1. If you go through the stretch 35-49, how many residues are outside any helix (DSSP H, G or I), open to solvent by 10 Å² or more (accessible area, probe 1.4 Å) and farther than 19 Å from SER168 by Cβ?
2. Can you name the residue in the stretch 46-95 that is among the basic types (Lys, Arg) and in contact (Cβ under 8 Å) with a residue 60 or more places away in the chain and, of all such residues, is nearest to LEU22 (Cα to Cα)?
3. Under 8 Å between Cβ atoms, at least 6 apart or on separate chains: pull out the pairs that start in the stretch 14-33 with a residue that is over 12 Å from SER172 (Cα atoms) and touching a residue at least 40 places away in the same chain (Cβ under 8 Å) and end on any residue that is open to solvent by less than 30 Å² (accessible area, probe 1.4 Å) and basic (Lys, Arg).
4. Looking at (1) of a type in the set (Lys, Arg); (2) in contact with a strand residue (DSSP E or B) (Cβ under 6 Å, 6 or more places away or on another chain); (3) closer than 30 Å to THR178 by Cα, which is the only condition LYS38 fails?
5. Between THR54, THR127, which is hydroxyl-bearing (Ser, Thr, Tyr) and within 23 Å of LEU176 (Cβ to Cβ)?
6. Need the failing condition index for SER134 against (1) closer than 18 Å to ASN153 by Cβ; (2) open to solvent by less than 40 Å² (accessible area, probe 1.4 Å), just the number.
7. Going by the conditions given, is PHE15 aromatic (Phe, Trp, Tyr), at pLDDT 95 or above and open to solvent by 30 Å² or more (accessible area, probe 1.4 Å)?
8. Within the stretch 25-34, is there a residue that is modelled with pLDDT of 95 or more and open to solvent by 10 Å² or more (accessible area, probe 1.4 Å)?
Amino acid sequence: MDDMSSSQDSQIFSFDSGALCLDFANTIPHRPQCTDDKLTGYRQLVAWGLQSGTLSQDEAGRLLHAGLRSPKVAARALRNALALREGVYRIFSAHAAGVDPPDGDIALLNRSFGEAMGHLRVGSDATGFHWRWSNDSETPGRIVWPVARSAGNLLVSEDLQWVRECASSTCSWLFLDTSRTRRRKWCDMSTCGNREKARRHYHRARAAAE
């Protein structure tokens, strides 16, 4: 696990897939090479929770302090989070490809989902009733409770049919296709789309020249 007392800047994460669970899966840009993993330590996992809005600044601070006091517990929470991330990726990647997801990954998600739902509560304020998480502010595993809930909700929703995986040969990001035609192929046309089109143009031009 990384040094959580380090003053190094946190990773900056992307949250534009359309679903929290897909954002979490996208903390690795490219599989199977697994290049540029954004979650290299527990500190980065907490930073992801803070940037996603699922943790408050106070909650993130408490989790970091708890991790410093119990590094083995924090390391285990990170391993569990990464296992969930890969399970979520394989489930939705398989669906996007039109094949059945691995049974083991569904079982893993069900375990994580069941644990998360055990901490979900009904709360109320001046605006009415709403869902909230139980006040387990120093439980390291709480960072991925919203991820498990998001994945479970997406799997049983009508939006599941719009889950896509980027068609670029150098990207494995997942996203919800909310385009007008529902035929979007790239996670981002300005990056992966343009690079892939340029690559194909190069190969076509080279083949023609030869």
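1. So the answer is 1.
2. Looking only at the stretch 46-95, we keep the residues that are among the basic types (Lys, Arg), and these are 62, 69, 72, 76, 79, 85, 90.
Pick out the ones that are also in contact (Cβ under 8 Å) with a residue 60 or more places away in the chain and you get 62, 76, 85.
Values: ARG62: 26, ARG76: 22, ARG85: 9 Å.
Looking at the filtered set, the residue picked out is ARG85.
3. PHE24/ARG85
4. Failed condition: (2).
5. On the way: THR127 fails: within 23 Å of LEU176 (Cβ to Cβ).
None of the others qualify; the one that does is THR54.
6. Looking at each condition in turn, SER134 falls short on (1).
7. On the way: aromatic (Phe, Trp, Tyr): yes; at pLDDT 95 or above: yes; open to solvent by 30 Å² or more (accessible area, probe 1.4 Å): yes.
So PHE15 fits the description; yes.
8. Let us first name the residues in the stretch 25-34 that are modelled with pLDDT of 95 or more, namely 25-27.
From what's left, open to solvent by 10 Å² or more (accessible area, probe 1.4 Å): 26.
Checked against the condition, which is being modelled with pLDDT of 95 or more and open to solvent by 10 Å² or more (accessible area, probe 1.4 Å), the stretch 25-34 yields at least one hit.
The values are calculated or read from the model by the stated rules, or taken from the named source; none is laboratory data. Small disclaimer: the values here were computed from a predicted structure and weren't measured. Backbone-built Cβ (ideal geometry, glycine too); neighbour counts: all protein chains shown. Side chains included, ligands, DNA and RNA excluded: accessible areas come from the protein's heavy atoms. Shrake-Rupley method; radii C 1.70, N 1.55, O 1.52, S 1.80 Å.
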